[in-house]
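Student: Here you go, one structure.
Each reported figure results from applying straightforward, stated rules to the coordinates on display, with no laboratory input. The structure displayed is predicted, hence computed values, not measured ones. Cβ coordinates were reconstructed from backbone atoms using ideal geometry, including for glycine residues, and neighbour counts include every protein chain displayed.
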Amino acid sequence: MLALTIEGLELTYPGLAAPVLDIPGLTVAAGAHVALTGASGSGKTSLVNVITGMERAGRGRILWNGEDIALLSENRRDGWRLAHVGLVMQEFHLFPGLSAEANVLLPHRLSRLSLEPGMRRRALDLLERVGIERPGQPVETMSRGQMQRVAVARALVGRPGVVVADEPTASLDREAGAAVSDLLLELARETGATLIAASHDERLIGRLDRVVRLENGRIAGEAAVHPGEGTKVAAAL
Ligand SMILES: Nc1ncnc2c1ncn2[C@@H]1O[C@H](COP(=O)(O)OP(=O)(O)OP(=O)(O)O)[C@@H](O)[C@H]1O
């Protein structure tokens, strides 16, 4: 499990008057379950991109268990991400022409000569737990909600130290959204993974233990959440 410390983060794009992210400091304890909330355009996806090393900030330190990923070369950052981060992005980045099962295993197949023992069994188990009945189905023939569930299974198969999810329930109906939230939380607990989820979904936010709200790229409020009070806390921030 990984702890995150952000120091002096600034992300700026050319042509914009103000930084898209301006976060002097933020810490997330190892094993914490944190919701990132905020209006559309407040910087949630940008923050997800920076903390996972997909975007390099102009300024600041992004420390995971003390290691500043901002200092790593692109190759080393890619390797670090594969080893430690389970990612669920808004665009799922699944490979058409491959089955659900092959998509779940693909990042690990690409990085290693052979899969770790048990990985294929775990992939099938995760797909079953997210309600994918046909693991052999090509992903391009799946509904958006099914693709989202495949992306969640892919993020979790390698038992990452941190799971970072950007709107992981956005394409799902109530029932499927609840199943994906359950799975994210169950697996994070099982493996002790830190979970950071950008979300508008009150049912997911309500089950995490801390809410951080962004406004114009800045932290506008944060609070611990007691079981069952997430919606109230998120609304009050
Ligand atoms: N490559 C870019 N160049 C310029 N501006 C950008 C770029 N990427 C993001 N932005 C701007 O940064 C701000 C934050 O965007 P971001 O996608 O992080 O917001 P968000 O909170 O995730 O929004 P949503 O909830 O709609 O996904 C927005 O004003 C967006 O237009």
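Student: With an 8 Å cut-off on Cα pairs and a minimum separation of 6 or more residues, tell me the relative contact order of the range 1-146 in percent.
Tutor: Relative contact order of the range 1-146: 20 percent.
Student: Next question, about the same structure. Once the Cβ-Cβ distance between residue 13 and residue 67 is put in as r, and R0 is 22 Å, what FRET efficiency do you end up with, to the nearest 0.05?
Tutor: 0.25
Student: If we count every other residue with Cβ under 12 angstrom of residue 147's Cβ, Lys/Arg +1 and Asp/Glu -1, where does the sum land?
Tutor: +1
Student: To the nearest 10 degrees, how steep is helix 100-111 against the longest Cα principal axis of the chain, on a 0 to 90 scale?
Tutor: It is inclined by approximately 70 degrees.
Student: Using just the alpha carbons, could you tell me how many Å³ per residue the convex hull of the range 143-211 encloses?
Tutor: 72
Student: Against the longest principal axis of the chain, how steep is helix 74-84, in degrees 0 to 90 to the nearest 10, with axes from Cα atoms?
Tutor: Tilt of helix 74-84: around 70 degrees.
Student: Ignoring everything except DSSP H segments at least 4 long, calculate the 222 nm mean residue ellipticity for the chain; use -39,500 (n - 2.57) per segment, divide by total residues, nearest 500.
Tutor: -10500 deg cm²/dmol, from helical runs alone.
Student: Here is a follow-up. Translational diffusion coefficient of the chain at 4 °C, 1.567 mPa s, Stokes-Einstein with Kirkwood Rh over Cα pairs, in µm²/s as a whole number.
Tutor: Roughly 72 µm²/s, to the nearest whole number.
Student: With loop defined by DSSP as not H, G, I, E or B, and exposure as at most 14 other Cβ atoms within 10 Å, which is the longest segment of the chain clear of exposed GluC sites (Glu not before Pro)?
Tutor: 134-228
Student: If you don't mind, there's one more thing I want to ask. Please give the charge dipole size of the chain, origin at the Cα centre, charges +1 on K and R Cβ atoms and -1 on D and E Cβ atoms. Round to the nearest 20 debye.
Tutor: Around 380 debye, computed over the chain.
Student: Any idea how far the Cα center of the range 83-154 sits from the one of the range 23-56, in Å?
Tutor: 24
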